[in-house]
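These notes are about the structure you will find just below.
The numbers here are math on the coordinates, done by the rules we state, and not lab data. Note that the structure is a prediction, hence the values are computed from the model and not measured. Note: ideal-geometry Cβ built from the backbone for every residue, glycine included; neighbour counts use all protein chains shown.
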Amino acid sequence: MADAKITACLLGVVVAFLSCAEATNYIVGGSEGWKIPSSAGAYSDWASQHTFEVGDILVFDFDSSDNDVGDVTKEDYDACNTDSPFTVLSTSPANYSLDTAGDYYFLCTTAGHCSQGQKLAITVAEPPSGPTSSPPGSPPPPSPTTGAITSPPSVGSSLGVARLVVLMSILMDLLCQLFS
């Protein structure tokens with residue numbers, strides 16, 4: 001009977017570790033970085049290879065003297081309108097935290113760059129066991145941060161770690177009770 005309880009507790013620990021996924025940093029464009037791409041669909045192709053979740057971070061690596069990144073509405077993205085971005089990040093590498101589920105739109109605000117394909121549209125999903133998403137149709141709030149690629153953890157990943165610590169404490173208490 002004690003072996004079954006220990007096995008159940010250990011299984012609980014494994015499930016807890018698997019359910020607390022860490023945030024991922026994505027270097028936009030991969031090794032090419034954020035610049036006018038060689039083909040107009042390069043950033044769409046890059047994005048289609050990834051699954052973005054709340055808590056992940058986009059890292060825009062670019063030549064700061066000639067590029068930047070702005071987060072915009074879908075309408076501005078589609079029209080390559082660079083007049084009214086929510087924010088413009090002009091220091092590379094620029095980190096952008098994906099704090100809410102939904103669609104995000106980015107473009108370079110340097111004249112002519114967007115029309116040459118330097119723009120990115122992504123969809124961000126909730127993590128498998130995350131909180132409920134924002135109401136449909138509400139735009140995600142801009143949440144840029146700049147600095148090194150190793151950025152501080154987001155609130156979402158901090159909550160995951162806190163959840164893991166609480167769960168581990170409960171499981172350790174159960175194990176101690178079994179052996180006392």
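Take the Cα of Thr24, step 7 Å along the line toward its Cβ, and report every residue of region 41-65 whose backbone nitrogen sits under 18 Å from that point. Output list for this probe position: 43-61. Reducing region 42-69 and region 95-120 to their Cα centroids gives an inter-centroid distance of 8 Å.
Gain in length, Thr91 to Thr51, computed as 0.36 nm per residue apart minus the alpha-carbon separation, to one decimal in nm? Walk me through the numbers on the way to the answer.
Working: separation 40, 0.36 × 40 = 14.40 nm, distance 2.57 nm.
Extending this stretch completely gives an extra 11.8 nm.
Pull out the extension gain between Ser39 and Ser84, defined as 0.36 nm times the separation in residues minus the alpha carbon to alpha carbon distance; nm, one decimal.
Values: separation 45, 0.36 × 45 = 16.20 nm, distance 2.57 nm.
Extra length available between Ser39 and Ser84 comes to 13.6 nm.
Run the numbers for Asp66 and Ala111: contour at 0.36 nm per residue of separation, minus the present Cα-Cα distance, in nm. It would help to have the intermediate numbers written out before the result.
Values: separation 45, 0.36 × 45 = 16.20 nm, distance 0.99 nm.
15.2 nm is the gain from fully extending Asp66 to Ala111.
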